[in-house]
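Below is one structure, written out as structure tokens; the observations come after it.
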Amino acid sequence: MVTNAQSRPQARPNPVISSVQQFWQKRGPDLIPPIIGIAVFLTVWQLVSWSGLTRLPGPLSLWTDTRTRELLLYPFYDLGGLDKGLFWQTLASLGRVAQGYTAAAVVGISVGVLVGTSPWLNKATYPIFQFLRMVAPLAWVPIALVALQQNQPAAIFVIFITAVWPILINTTEGVRQIPEDYNNVAKVLQLSRKDYYLNILFPSALPYIFTGLRIAIGLAWLAIIAAEIVMSGIVGIGFFIWDAYQQNYISEIILAVLYIGGVGLLLDRLIAFLQMKIAPLHK
């Protein structure tokens with residue numbers, strides 16, 4: 001005779017719960033420390049705000065402030081002109097960054113390869129490049145406005161002139177660091193210039209190139225924020241911050257800063273992902 005305990009079907013594990021458990025077993029040791037660190041930071045910030053030591057509102061103001069809460073809940077609103085949600089403000093800034101950064105990557109890698117393969121040209125241009133890269137992004141804003149007469153192309157130029165130097169200099173150094181044995185092999189095999197570039201130069205210089213690209217994307221994102229703060233009347237996260245400051249909406253500034261930090265982190269991770277996918281193929 002079969003008992004009730006024996007005839008009772010075994011409960012099937014919930015696939016969602018199993019997936020969550022597997023995720024935490026794998027990622028938990030890496031996620032828990034930053035979660036605790038962020039929680040402690042936000043708690044200390046809120047306590048300092050409540051203590052009255054600073055006029056800066058605490059993180060809870062992002063929800064308690066009516067205007068900021070609406071920006072959090074409705075990032076896609078568009079009432080025309082400059083009155084847009086933070087999604088559209090950020091997207092406008094990203095569009096300018098994409099244009100300036102792409103131009104910087106093309107010019108920086110091309111000129112870097114040219115300079116890196118010519119010792120004479122490297123010596124001739126080194127002081128010029130080092131001098132120009134030390135100029136702060138904001139210093140280029142009035143020059144760009146005078147030269148281009150419009151905010152949009154001026155902002156893109158500021159991004160370009162800020163981002164091009166780390167790409168150019170790192171590419172040049174990567175080309176110069178190609179082992180001499182590789183160049184000797186290319187001479188022995190009598191490789192064409194195309195084969196030399198594709199099979200020796202670029203694979204060897206790729207780590208340096210991606211280092212420059214990662215540095216440049218951070219600088220480009222910083223540059224557009226600064227440029228938009230200075231240039232009035234254009235949709236963008238930088239102008240949003242300046243407009244909020246003028247109207248004393250400090251909680252909105254804090255929210256915009258969170259957007260800036262989050263987007264900057266995603267941009268850096270994107271370049272790192274591309275490096276992980278592309279660079280191993282050329283080793």
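Computed from the coordinates by the stated procedures, all read-outs in this text should not be read as laboratory data. What you are looking at is a predicted structure, and each value in this text was computed from that prediction instead of being measured. Cβ: placed from backbone, ideal geometry, glycine included. Neighbour counts: every protein chain shown.
Values computed for the structure shown
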| item | result |
| --- | --- |
| Residue 78-residue 54 pseudo-label distance in nm [points 7 Å out on the Cα-to-Cβ vector] | 3.6 |
| Listed residue (63, 227, 198) projecting farthest to the positive dipole end of the chain, Cβ model | 198 |
| Ranking of 172, 66 by count of other Cβ atoms within 10 Å, fewest first | 66, 172 |
| ³J(HN,Hα) computed for each position of region 90-103 - Karplus, 6.51 cos²θ - 1.76 cosθ + 1.60, integer Hz, glycine/proline x | 5, 4, 5, 5, 5, x, 5, 4, 4, 5, x, 5, 4, 4 |
| Sorted by Cβ neighbour density within 10 Å, fewest at the top, the residues 165, 242 | 242, 165 |
| Percent breakdown of C-alpha pair distances by 5 Å bin, ordered from the shortest bin, for region 145-283 | 2, 10, 14, 15, 14, 12, 10, 8, 6, 4, 3, 2, 1, 0 |
| Centre separation in Å (Cα based) which lies between region 192-208 and region 38-107 | 42 |
| Global form of the chain, assessed from the alpha-carbon gyration tensor, a/c cut-off 1.5 | oblate |
| Rounded Å value of the spacing that divides the Cα centres of region 230-269 and region 112-170 | 25 |
| Nearby lysines by direct alpha-carbon distance to residue 123 (threshold 30 angstrom, same-chain neighbours under 8 apart not counted) | 187, 194, 283 |
| Dipole magnitude of the chain about its Cα centre (Cβ charges: Lys, Arg +1; Asp, Glu -1), debye to nearest 20 | 780 |
